[in-house]
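Notes for the one structure printed next.
The values are calculated or read from the model by the stated rules, or taken from the named source; none is laboratory data. Just so we're clear, the structure is a prediction, and the values are computed from it rather than from any experiment. So basically every Cβ, Gly included, is an ideal-geometry build from the backbone, and we count neighbours across all protein chains shown.
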Amino acid sequence: MKKLIIAALCLAMIAMTALASADAIKIGGSGPLTGPAADYGISVKNGAEIAVEEINAKAGETVIELNFQDDEHDPEKAINAFNDVLDWGAQMIAGTVTTSPCIAVGAQAFEDRVFMLTPSASSVDVIADKDNVYQVCFTDPAQGAASADYISGHKLATKVAVIYNNADAYSTGIYQTFEGAAAEKGLELVYIGTFTDDTTDFSVQVTGAKEAGAELVFLPIYYTPASMILQQAKNMDYAPIFFGVDGLDGILSIEGFDTSLAEGVMLLTPFSADATDDLTVNFVKTYTEKFGTVPSQFAADAYDTVYALYNASVKAGITAETKAEEACDKLIAAFQELEMTGLTGTMTWDSTGAVTKTPTAVIIKDGAYVGADVQ
Amino acid sequence: MSKKTIDKLLTFGMVIAAFIVCQVMIANGAMSRSLRGQLIPICVYIVMAVSLNLTVGISGELSLGHAGFMSVGAFSGVVMAMWLKNGLGVSNTLICLSAALVTGGLFAGIAGVLIGIPVLRLRGDYLAIVTLAFGEIIRNVMNCIYISIEGSSLHFGFVNPKLPGKLLVNGPAGATGVAKMSTFVMGFVLVMITLLVVLNLIDSRSGRAIMAIRDSRIAAESVGLNVTKYKMMAFVTSAVLAGMAGALYGLNFSTITASKFKFDTSILVLVFVVLGGIGNIRGSIIAATLLTVLPELLRAFSDYRMLVYAIVLILVMLATNNPTLRTFFSGLKPGKKSSAAKEGKQ
Amino acid sequence: MTLFLSYLINGISLGSVYAIIALGYTMVYGIAKMLNFAHGDVIMVGAYVSFCAIQYLNLPPWVSVILAMILCTALGVIIEGLAYKPLRQAPSLAVLITAIGMSYLLQNSALLIWGANPKSFPSVVNIGNISLLDGRLLITGVTIVTILANIVIMVALTLFTGRTKMGKAMRAVSEDKGAAELMGINVNTTISVTFAIGSALAAVAGVLLCSAYPTLMPTTGSMPGIKAFTAAVFGGIGSIPGAMIGGILLGIIEILGKAYISTELGDAFVFAVLIIVLLFRPSGLFGKNVREKV
């Protein structure tokens, strides 16, 4: 047994000598590429790769390189991946994708002085007490508060039900601020339903919301469970307004999904694949050609992440020789002044690491996003 | 010296030698960051594997919920350490860490007693499914626990409470902002403690009683052995050690969540035990080390990494249970012949 | 009261899906005496095959189900032949670990073949829903079909194991492999046939699971697999009617627990009930209590 394993290890070691180009800025990253959260990690990896290829094509040579590793949505594996990319020579980190691994890696990166820009880990704990961890996505409280604002400001409903994933930091984080903000805005929370990652049956939650007479159901969750909730609500002839946040983006591109189920669903999102500006159209075209699926907001955030890191590096004069510790201080300074228009809007950063950009409300009509304020 | 003593010394010697080699490599800067980062997890998984081997191999009860004890230990240990550090102002990391390990072991031990009482009444696969059920219950309950610290007092809440002060454990988001206290030296110490406890237990009168019950419960009962007592002894010892490993694990990352300690983790530890040889403590140590490092070494396969891991796992299982290879290997080690034959029969 | 009934119906819908998976589990366990952790993943493969047949080849749903059954049967036999057959003489835990390895292998192959992004499964059931009490109670077409499928499979399996020569051979193998061999039964073939049947059932279960809960991902089979395994134990593992009753009861308990106790602790409640039942009936509801021989 031992001999076999040793032989396998030797083979792996030989294969492992990754080659890094000499003059390129090296960006490391990690996200779940296997396991139940793989969809998010793969989207980020794909979106980031497109940005890297674009930047290199424009420059005519390899100016940046990306090494994106699998972390299985597990803090332990994320630390391993982080160490692995630093061994490879990464000068900064684009990642991680999911919240709890990001908190673990963020703490390690803070200790080791490596700059980190996460495309999608949105909890405030990710950036709390760390001067070198920045976000491209909104923080969860920002989303919760913005949703409560929008619902009460546009008088969408007064009786609100919430269905959220209580085994997920993202979902719980948004719910907790939404709960506080809703009370201030005079929204009445008539039903709170929770579920966990393994839930397939949402009949109890949907029945609960229906029986409580909710006019609007707030879904601070990802699109996969949301698609099931929509299906089961339809089975019960229950048609309130469904209101979601950026995690809901992607629901229309689920293969085989009956888009009529999502008719009238509203969501606050910084990115929609149906936008008509050149940047989005090009990105969606390249992405669809290359990977065969429509990009979600994860891919868009990742694309912006790579551009932000590259722009800031150029501005701060970081080259392939700059040490990670030195790059970290330079990038922190550069990010304070950086203003960038990407797929997810125009972004600026403050010293906490949180991003400022405007979410837009969209509504799903005839299987496509329409600006909610325009209609 | 008897053969048993030599065998025992060999196990200790192997661990100590590995520790010294690692320390020298770290001092010389010869160890990659990637490997250095895995040292503490390796220690944790060794302790988990050895302690599970006590339940599965020595006591003969298939447990599918070992990660549950790790979870209890991790959360209680982390809360203890953070309370000492932030609440009582203890600045010595070693004291905090040691207190965390003891607390983790204690709470996991209590959980072990509570779970052991119903579980050990059952047999075989029914016992296995009940341990699985308990593992899932622990995970589900941990998802609903909220603990906050205000000054030097701790507040506890269940299912979305409003707690004063700073949250230490925030339900499903788990514990965040945990100070990284675990050290490789402590990991090594914990492995040594585990080995001392488990190897001495196996060699003691109680250990022989436990194995007698495993081999034939009825025969053991008929000579007047208290079956429940001895089964409980093995089960709770195993839980305590898993709890300590959990505390060490929790304090190695700045965040832990209940979802880490799900069924998959229990299964992973079981894989270490079976691959290393059921009842073979040294085998557990080696298997835990190799299988923790293996997925990292497979990173070069990028997208195919986990696929290759699965194939390696199946091939190793097939190879180690192949009668031809088995005779070949036992031929190399004359002393092992009898034990290999015994395992085949089990 | 209506609300309670509607929860009860939802519980039966969920339970009937667990039951149909549990039937396959209990079949394989009862004869081959192994916990086939890859069963949940065979379910997932079945669902993907059916999805592709409908979505890409535009085949009618019933053809896609048959196709899924054929491919899963082949897959089951191949897995059994390559991974489990060489371990007939090995300790049962070694087989368990191989099954886990197989489960990883299937999940990761599916990830590479079909990608990680979820697919929405088109319902293969086109009979309508039944609504009672002015639409306040609703039984979906999928539930009706699943329950019917359960009954058909249960009766067919009972007749098969009770009446046919192969079925009797299976029961003999399950009682005592050695003695069965002495009576001229080919143990290897019998176990392979068991796997073939179990995998074909998995394909049906996969299609019905995804028709009821339409999200399809590489990990779709794992949690329902564990729940169904629990259901099989609950009913008394190895017992065919036990698996069905166990599955339906588990679904009802889960839904009622979520509805009346707390959605947070729904799963904990299911497992707690399981533990209590096993304490009073250590071999499940319908399991045989085997006497130990000295």
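Below, the figures for the structure above:
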quantity	calculated
Any hit, region A:96-115, residues being away from every other protein chain (no Cβ under 12 Å) and surrounded by fewer than 24 Cβ atoms within 10 Å (Cβ to Cβ)	yes
Per-region count, region A:55-84, residues away from every other protein chain (no Cβ under 12 Å) and on the phi < 0 side of the Ramachandran plot	11
Matching residues, region B:1-31, being of a type in the set (Ser, Thr, Tyr) and at pLDDT below 90	B:SER2, B:THR5
Checking B:ALA239 against (1) within 30 Å of B:LEU167 (Cα to Cα); (2) at pLDDT below 95, the condition it does not meet	(2)
Enumeration of residues in region A:240-264 that are aliphatic (A, V, I, L, M), in a helix (DSSP H, G or I) and more than 13 Å from every other protein chain (Cβ to nearest Cβ)	A:LEU248
Residue that is surrounded by the most Cβ atoms within 10 Å (Cβ to Cβ), among those in region A:175-194 that are more than 14 Å from chain C (Cβ to nearest Cβ) and not in a helix (DSSP H, G or I)	A:LEU187
Pick from region C:52-85, criterion buried (at least 16 other Cβ atoms within 10 Å of the Cβ), touching a residue at least 40 places away in the same chain (Cβ under 8 Å) and small (Gly, Ala, Ser), ranking: nearest to C:VAL142 (Cα to Cα)	C:SER64
Residue check for B:PHE75: assigned to a helix (DSSP H, G or I), on the phi < 0 side of the Ramachandran plot, in contact with a Ser or Thr (Cβ under 9 Å, 6 or more places away or on another chain) and crowded, with 24+ Cβ neighbours inside 10 Å	no
Evaluation of B:GLY283 against (1) within 9 Å of chain A (Cβ to nearest Cβ); (2) at pLDDT below 85 (one fails), failing number	(2)
Count of region C:236-274 residues which are at the interface with chain B (Cβ under 7 Å from one of its Cβ atoms), closer than 25 Å to C:MET27 by Cβ and at pLDDT 85 or above	2
Any hit, region A:59-73, residues being in a helix (DSSP H, G or I), under 18 Å from the mean Cα position of the chain (by Cα) and free of Cβ contacts under 8 Å to residues at least 40 places away in the same chain	no
Selection status of A:ALA81, crowded, with 24+ Cβ neighbours inside 10 Å and either assigned to a helix (DSSP H, G or I) or free of Cβ contacts under 8 Å to residues at least 40 places away in the same chain (or both)	yes
Residue pairs meeting the criteria (Cβ under 7 Å; at least 6 apart or on separate chains; first at negative phi, in region B:92-113; second of a type in the set (Gly, Ala, Ser) and not in a helix (DSSP H, G or I))	B:LEU97/B:SER182
Checking B:LEU163 against (1) closer than 18 Å to C:LEU265 by Cα; (2) assigned to a loop (DSSP other than H, G, I, E, B), the condition it does not meet	(1)
Out of B:ILE213, B:ILE147, sole residue that is touching a helix residue (DSSP H, G or I) at 6+ places or on another chain (Cβ under 6 Å) and not in a helix (DSSP H, G or I)	B:ILE147
Set C:THR215, C:THR219, C:THR230: member being within 7 Å of another protein chain (Cβ to nearest Cβ) and within 28 Å of A:TYR191 (Cβ to Cβ)	C:THR215
Test: residue in region B:123-132 that is aromatic (Phe, Trp, Tyr) and within 30 Å of B:SER254 (Cα to Cα)	no
Where A:ASP237 falls short, out of the listed (1) touching a residue at least 24 places away in the same chain (Cβ under 8 Å); (2) part of a loop (DSSP other than H, G, I, E, B); (3) within 11 Å of another protein chain (Cβ to nearest Cβ)	(1)
Any hit, region A:87-95, residues being within 14 Å of chain B (Cβ to nearest Cβ), among the small types (Gly, Ala, Ser), outside any helix (DSSP H, G or I) and touching a residue at least 60 places away in the same chain (Cβ under 8 Å)	yes
Count of region B:22-46 residues which are among the small types (Gly, Ala, Ser) and more than 10 Å from chain A (Cβ to nearest Cβ)	3
Residues that are more than 7 Å from every other protein chain (Cβ to nearest Cβ) and not hydroxyl-bearing (Ser, Thr, Tyr), drawn from region B:295-316	B:PRO295, B:PHE301, B:VAL308, B:LEU315
Residue, surrounded by the most Cβ atoms within 10 Å (Cβ to Cβ), within region A:145-161, restricted to residues that are in contact with a Phe, Trp or Tyr (Cβ under 8 Å, 6 or more places away or on another chain) and more than 19 Å from A:GLY345 (Cβ to Cβ)	A:VAL160
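So that you can scan it fast, the table gives a plain yes or no per residue for (1) more than 7 Å from every other protein chain (Cβ to nearest Cβ); (2) touching a helix residue (DSSP H, G or I) at 6+ places or on another chain (Cβ under 9 Å); (3) over 28 Å from C:GLY251 (Cα atoms):
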{"position": "C:ILE78", "(1), (2), (3)": "yes, no, yes"}
{"position": "C:ALA99", "(1), (2), (3)": "yes, yes, no"}
{"position": "C:ILE151", "(1), (2), (3)": "yes, yes, no"}
{"position": "C:MET166", "(1), (2), (3)": "yes, yes, yes"}
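For (1) at the interface with another protein chain (Cβ under 9 Å from one of its Cβ atoms); (2) among the β-branched types (Val, Ile, Thr); (3) more than 14 Å from B:ILE58 (Cβ to Cβ), each residue gets a yes or a no:
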site	(1), (2), (3)
B:VAL197	no, yes, no
B:GLY207	no, no, no
B:LYS229	no, no, yes
B:ALA245	no, no, yes
B:ASN252	yes, no, yes
B:ILE256	yes, yes, yes
